[in-house]
Amino acid sequence: MSNFTIQDIFNKYGDEYIKNHKLSKEQWKVFNAIRNCGTDNLGFHICTCKECGEDYFGYNSCRDRHCPMCQKYAREKWIQNESSYLLDSKYFHIITTVPSELNEIFMYNKKICYNILFKATSQAILTLANDTKWLGAKVGITSILHTWGQTMEFHPHIHSIVTGGGLKNNTWVACKNDYIFKVQVLGSLFKKKFLAYIKHEFNNLVLKDNLNNIKSFNKFLEPLYNKTWITYIEPPKGNPENVIEYVGRYSFRVAISNERIKNIENNLVTFEYKDYKDNSKIKEMTISAYEFIRRFLLHILPKNFTKIKHYGLLSNRHKKQNIRLCKLLISKILCNEFVNSINRKFYKFKCQKCGNSNFSYIFKYNTNRS
């Protein structure tokens, strides 16, 4: 267990960093939330045991989605809710990413580019899955945006969990193979869709002077059509319950967890990372504290931006009806009853005096906090 946290880094080196760097409103909000999380700056709460009257005091958490200290409960609640939509089916893990040449455009147009990334990914998957050459049915997709690599450099990509089967004319069509379609075909279609969508958004993009006319912008994009875009399809692993656990871990990750931070001293931060280019070996990297803060703040999402989206069978509009029908059709094929919900074991605080877990709460907030 690490003894160092992102909060420690922000508290120790943050004031000096913000003297020399301009933060966006979203970055300021997250920066202050993490620095104040679990301190008297956010106020406190008192919980009173309803059985014996014993009082317990604690500081309030920030509950920000970028704070590594506030994700566990949200993750468990999400897993419990989403597990009710699990199917007794294979699930594929698909990763779609964009070439680094687009990183700067993404940086200055995060909301637009992230939405295009979601749209191009989901439409490419749905189009191929619906093609009779492959599955020939409408699948369900849960997509999660990540914007970082192992060393916290800017690396926007989408993790999609896709059902290994789908609906066609009120019939369940199961994927018979350990691949849903060829990864090269997906990469090619995803690339074409993404570039078409970003061209369509040209008038809404913030661009450098050398790209601010459509002719120069198209010329900049032209080499990307001939480049291989990295996509990955992981074959089905484990049972559906493992899938939802896996998705939950991906869904509530932040750029780096506190557990990966190994040392903070002399304006330097040392952290662990997995080197995928070297057989996924665990290595350590040391960078300046200011570079660490800069990299972390790169991954703050735009205000109100949804980083988990559902498509196809799992799109919100008809999600319940679709899943109910799929479960009925699958159970008839398999002649069994699939347990489709997971009961999460939430930590319940118990009174140290009497062992009761029923409390009343009083919350006090510091309205003068930054």
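The values are calculated or read from the model by the stated rules, or taken from the named source; none is laboratory data. Just so it is clear, the model here is predicted, and its values are computed rather than measured. Cβ atoms come from the backbone with ideal geometry, glycine included; neighbour counts cover every protein chain shown.
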### Message
If the requirement is being among the hydroxyl-bearing types (Ser, Thr, Tyr) and either free of Cβ contacts under 8 Å to residues at least 24 places away in the same chain or touching a helix residue (DSSP H, G or I) at 6+ places or on another chain (Cβ under 6 Å) (or both), which of these qualifies: Tyr73, Tyr85, Tyr108, Tyr56?
### Response
Tyr85
### Message
Can you report the number of residues in segment 267-293 which are in contact with an Asp or Glu (Cβ under 9 Å, 6 or more places away or on another chain) and among the hydroxyl-bearing types (Ser, Thr, Tyr)?
### Response
3
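Sort out which residues of segment 197-252 are of a type in the set (Phe, Trp, Tyr) and assigned to a loop (DSSP other than H, G, I, E, B), and write them in order of number. Before the answer, list the steps.
Narrowing segment 197-252 to residues of a type in the set (Phe, Trp, Tyr): 197, 202, 217, 220, 225, 229, 232, 246, 250, 252.
Across segment 197-252, the qualifying residues are Trp229, Phe252.
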### Query
Among Glu76, Glu16, which is part of a helix (DSSP H, G or I), surrounded by fewer than 18 Cβ atoms within 10 Å (Cβ to Cβ) and at pLDDT 85 or above?
Glu16
### Message
Cβ contacts < 9 Å: first residue in contact (Cβ under 8 Å) with a residue 12 or more places away in the chain and basic (Lys, Arg), restricted to segment 3-32; second residue in a helix (DSSP H, G or I) and surrounded by 13 or more Cβ atoms within 10 Å (Cβ to Cβ), any location; separation 6+ or different chain. Result?
### Response
Lys12/Ala289
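Yes/no per residue for (1) closer than 14 Å to Thr97 by Cα; (2) surrounded by 15 or more Cβ atoms within 10 Å (Cβ to Cβ); (3) basic (Lys, Arg):
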position	(1), (2), (3)
Trp134	no, yes, no
Ile144	yes, yes, no
Gly165	no, yes, no
Asn169	no, no, no
Ala174	no, yes, no
Asn204	no, no, no
Asp209	no, no, no
Lys215	no, no, yes
### Message
If a residue must be assigned to a loop (DSSP other than H, G, I, E, B) and among the polar types (S, T, N, Q), how many such residues does segment 176-190 contain?
### Response
1
### Task
Considering each of Asn60, Asn81, Asn32 in turn, give the residue that is surrounded by 18 or more Cβ atoms within 10 Å (Cβ to Cβ) and either aromatic (Phe, Trp, Tyr) or under 24 Å from Asn358 (Cα atoms) (or both).
Asn60
### Message
Of all residues being over 22 Å from Asn32 (Cα atoms) and of a type in the set (Lys, Arg) in segment 260-301, which is surrounded by the fewest Cβ atoms within 10 Å (Cβ to Cβ)? Just the residue, please.
### Response
Lys277
### Message
Exactly one of these conditions fails for Ser83: (1) of a type in the set (Ser, Thr, Tyr); (2) farther than 22 Å from Leu221 by Cβ; (3) assigned to a helix (DSSP H, G or I); (4) more than 19 Å from the chain's Cα centre (by Cα). Give me its number.
### Response
(4)
### Query
Looking only at segment 89-132, which residues are part of a loop (DSSP other than H, G, I, E, B) and either surrounded by fewer than 23 Cβ atoms within 10 Å (Cβ to Cβ) or of a type in the set (Ser, Thr, Tyr) (or both)?
Ser89, Lys90, Pro99, Asn109, Asp131, Thr132
### Summary
Of the residues in segment 139-153, those that are over 21 Å from Pro240 (Cα atoms), more than 8 Å from the chain's Cα centre (by Cα) and not in a loop (DSSP other than H, G, I, E, B) come to Thr147, Trp148
### Summary
Filtering segment 237-259 for residues that are among the charged types (D, E, K, R), surrounded by 15 or more Cβ atoms within 10 Å (Cβ to Cβ) and more than 15 Å from the chain's Cα centre (by Cα) leaves a count of 1
### Message
Please verify whether Ser100 is among the small types (Gly, Ala, Ser), at pLDDT 90 or above and closer than 25 Å to Asp178 by Cα, treating the condition exactly as stated.
### Response
no
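Quick check on Phe190: is it under 20 Å from Lys309 (Cβ atoms), aromatic (Phe, Trp, Tyr) and touching a residue at least 24 places away in the same chain (Cβ under 8 Å)? Steps first, answer last, please.
Details: under 20 Å from Lys309 (Cβ atoms): yes; aromatic (Phe, Trp, Tyr): yes; touching a residue at least 24 places away in the same chain (Cβ under 8 Å): yes.
Judged against the criteria, Phe190 is a match.
Please specify each residue of segment 295-344 satisfying the condition of being of a type in the set (Phe, Trp, Tyr), modelled with pLDDT of 95 or more and part of a loop (DSSP other than H, G, I, E, B).
Step one: list which residues in segment 295-344 are of a type in the set (Phe, Trp, Tyr), which gives 296, 305, 311, 338.
Restricting the remaining residues to those that are modelled with pLDDT of 95 or more gives 296, 305, 311.
Answer for segment 295-344, where residues must be of a type in the set (Phe, Trp, Tyr), modelled with pLDDT of 95 or more and part of a loop (DSSP other than H, G, I, E, B): just Phe305.
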### Message
Based on this model, can you work out whether Asn109 counts as within 18 Å of the chain's Cα centre (by Cα), modelled with pLDDT of 95 or more and within 25 Å of Phe154 (Cβ to Cβ)?
### Response
no
